[in-house]
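Below is one structure, written out as structure tokens; the observations come after it.
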Amino acid sequence: MDLQAIWFFLWVLLWAVYFMTDGFDLGMGVLLPFIARNEREKRVIYNAAGPLWDGNEVWLITAGGVTFAAFPVLYAVMFSSLYSALMLVLFGLIVRGVSFEFRGKVESPGWKRIWDGCMFLGSLLPAVLLGVAFANIFRGIPIDGEGVYQGTLFTLLNPYGLLGGILFLLLVSVHGALWLAIKAEGDLHERAIRLAKGLWAILLAVAVLFLAASAISTDIYRNYMARPLLFVFILITVLALLGVRMFLARGALWRAWFSSAVTIAGACFYGFIGLFPRMLPSSLNSEFSLTAYNASSSPLTLKIMLGLALVFVPIVILYQAWAYNLFKGKVTEETLSYEDAY
Amino acid sequence: MDVLLLSRLQFAAATAFHFLFVPLTLGLSVLIAVMETRYVQTGEEIHLKMTRFWGKVFLINFAMGVVTGITLEFQFGTNWSRYSEFMGDIFGSLLAIEALGFFFLESILIGVWIFGWNKISKRTHALVMWLIAFASTGSAVWILTANAWMQHPVGYVIRNGRAELESFADVALNKFAILMFFHTVAAAYVLSAFFVMGVSAYHLLKNRHVAFFMKSFRMALVLGLIFSFFLVVEGHLHGSDLAKTQPTKLAAMESHWETTRRAPIYLFSFPDEQNERNMVQIGPIPGLLSLLAFHSTEAEVKGLKDFPPDERPPVFIVSASFKLMVALGFYFALATLVGFILRNRLPEKRWYLRIMLYSIPLPYIAAELGWTLAEVGRQPWIVYGLMKTADAVSPIAVSQVALSLTAFLLVYGVLGAVAYYLIIQHVGKGPA
């Protein structure tokens, strides 16, 4: 593998880790209005994400920064093409981030309702729109030879794109329900498990539909056909998805959650393995497509960044794992009584 | 209104707003780390109380800093795609290093600090705040290195129609970046010191929690005194470096039109950009500009007329921001010096406490003026001497940018009001 190819897959991995980690707190944010029955249950949800959401979100910043560093042309064309969608994602993340901090600071039901609304919308928008964006990348977007986008926000809202949005929404919702089941006690715990099971069934149906739709709307199966061994990745993803339900049935919640994380990672890799080496196909003319080779940084930058990534990513994973381990327990009365708890 | 102007306004609004929160994060984290360390060392309850009280301000402020920082990284791609394509090879890596090496550390540890009181030892908990302070300072290093590269590009070669990295060491050790870093961090410490002193003064004026706020005040006073004097000296070095690196910015700062030896500084001047002269200029100090810029009263300082009009920054904004910032800088040194003299008699010196209470906004204003000077003073370049701002903007629809700019102003306006409302409410109540 050459430098560009290594970076291509490292780049996919960063996005995958973002959805695997932040996915569960986005998911809980989306489920918040549907599953919490009272103020205490809402606080359990906020504090189940509490110590970890901020670190999770940095994977997105890192994925963004690495796109800029390793594939500046892709960064420029993709982010300016997806302008409105990306702005909506950013505003979602902004109002969501402050909701954690602001919500508990004033004792008033109206105040709390406002921030609950922000939490819901701020979780829904990134989950759906990033899904829509990824599906459109798999499918190709109308960029011309100058890297100028010849469409609008609504160009992205085609059936396949929307299906991608629904798929991502369901992936993070299941992920979030599982996390809540792990963190909550009593009735909320039971309901989270039931919800995870219900959502899983819908997810399975949508995932099958997406796999089929990809054959019609995209050409990502070409790489798979050329190297049939690659189908193993799809197989692993499907097995992981089935594993979620199997572990749920056995009450092995952590395993179900990890299976769900693998499913999410698989969904990210699935499309990009099919695209490789393309990173942003043009639907106007395949010659306008951005690839790992025509969009990348200079070899020197790629080398330096690879060295840094190989040092820092493992270190980050190490101390993030330490933080996860520190807060693996249930959200208890004691957690909720902390002065600075959410 | 075109995409260029709207994008510039949007970036200006987003960065100016972001920087309302960043300096307090940088300085308060250090103060809180000291407080918590004292608590670990002495076991005295008052230090724990201080850690908690100032910690709550820190957390609200930190959250705002984080959420407003995210948008900045993405705006280079959304609004400045031509810039990103041209400079990404160098500029992008600096942002990526910031995220990977430092932003991760602070963001993960902030959760540990909030929720870890009973899960880790007291010693580790204090260490976590030190690491948060270290990481936010490290973030500043790389973000400022990135900005310094736009101010004074080094270590690159133009190849394949873009700027490509030639020497990472040159980029990372850019002298401009080092000067900028010390300037920004010192300013952040001064701002945080004035914040803590101002809030403490408010309570001392009301004779509430006197021991608590005396301790807080004096701790902040030490930080403020050291760094406001440091800032005066460092600011001079930073400014005189501009004579070599950004002569147009320096000339605009002093509204200096003609290239001369023994260049003066005027106590007051008002530029007339149309006619390339000053409308008013009063109180010349001969040779002072030459002296400050080149350490010799005889040195020649280039005037604005030596540069083509389309390569000059807007003179009035630049010179006004500069002069006001410098005046405030001297005020901070004076105010903290007076505070040092009065340090044992603070509760009686009500006039001084009142002055310090009303001084809270001043370092914020100075910091924003500093950025105005840095960024507007660089115009019309986005990368000094290399790429013009007008050539850097994305090929996007004007309606999109108009809409997002409106949304920024609305959302930031509301969130800023809420954040300061919560902060003021909390500090006004005093420690529990």
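For this structure, a couple of remarks:
- Test result for B:SER121, touching a residue at least 24 places away in the same chain (Cβ under 8 Å) and among the small types (Gly, Ala, Ser): no
- Of all residues in the range A:14-25, none satisfies being assigned to a helix (DSSP H, G or I), open to solvent by 10 Å² or more (accessible area, probe 1.4 Å) and without any contact (Cβ under 8 Å) to a residue 24 or more places away in the chain.
- Checking each residue in the range B:228-254 for being touching a residue at least 12 places away in the same chain (Cβ under 8 Å), among the hydrophobic types (A, V, I, L, M, F, W, C) and open to solvent by 20 Å² or more (accessible area, probe 1.4 Å) picks out B:PHE229, B:PHE230, B:LEU231, B:VAL232, B:LEU237.
- Members of the range B:148-188 that are more than 20 Å from B:PHE134 (Cα to Cα), open to solvent by 20 Å² or more (accessible area, probe 1.4 Å) and in a helix (DSSP H, G or I): B:PHE168, B:ALA169, B:ASP170, B:LYS175
- Helices (runs of 4 or more DSSP H) contained entirely in the range A:219-324, each with at least 2 residues that are open to solvent by 30 Å² or more (accessible area, probe 1.4 Å) and of a type in the set (Phe, Trp, Tyr): A:231-250, A:253-275
- Criterion violated by A:ARG40 - all others in (1) within 11 Å of another protein chain (Cβ to nearest Cβ); (2) of a type in the set (D, E, K, R); (3) open to solvent by 10 Å² or more (accessible area, probe 1.4 Å) satisfied: (1)
- Scan of the range B:189-211 for residues that are over 27 Å from the mean Cα position of the chain (by Cα) and open to solvent by less than 10 Å² (accessible area, probe 1.4 Å), ordered by number: B:HIS203, B:LEU204
- Only listed residue being modelled with pLDDT under 95, more than 7 Å from chain A (Cβ to nearest Cβ) and part of a helix (DSSP H, G or I), chosen from B:GLY101, B:GLY88, B:GLY111, B:GLY65: B:GLY65
- The numbered conditions (1) over 26 Å from A:SER259 (Cα atoms); (2) surrounded by fewer than 19 Cβ atoms within 10 Å (Cβ to Cβ); (3) at pLDDT 95 or above are all true for A:CYS118 except (2).
- Counted residues, the range A:47-92 - those being open to solvent by less than 10 Å² (accessible area, probe 1.4 Å), more than 7 Å from chain B (Cβ to nearest Cβ) and of a type in the set (Phe, Trp, Tyr): 2
- Check on B:ARG82, open to solvent by 20 Å² or more (accessible area, probe 1.4 Å), in a helix (DSSP H, G or I), within 27 Å of A:SER84 (Cα to Cα) and out of contact with any Cys (no Cβ under 8 Å at 6 or more places or on another chain): yes
- Meets criteria (open to solvent by 20 Å² or more (accessible area, probe 1.4 Å) and in contact with a Gly (Cβ under 9 Å, 6 or more places away or on another chain)) for B:MET356: no
- Residue match in the range B:94-107 (condition: touching a residue at least 12 places away in the same chain (Cβ under 8 Å), closer than 30 Å to B:ARG38 by Cβ and out of contact with any helix residue (DSSP H, G or I) (no Cβ under 6 Å at 6 or more places or on another chain)): no
- The residues on offer are A:GLY176, A:GLY161, A:GLY131, and the sole one that is away from every other protein chain (no Cβ under 14 Å), more than 20 Å from A:ASN56 (Cα to Cα) and part of a helix (DSSP H, G or I) is A:GLY161.
- Residue count for the range B:261-291, restricted to those that are outside any loop (DSSP other than H, G, I, E, B) and within 20 Å of B:PRO313 (Cα to Cα): 13
The values are calculated or read from the model by the stated rules, or taken from the named source; none is laboratory data. Note that this is a predicted model, so its numbers are computed, not measured. Cβ: placed from backbone, ideal geometry, glycine included. Neighbour counts: every protein chain shown. We work out accessible area using only protein heavy atoms, side chains counted, and drop any ligands, DNA or RNA first. Shrake-Rupley method; radii C 1.70, N 1.55, O 1.52, S 1.80 Å.
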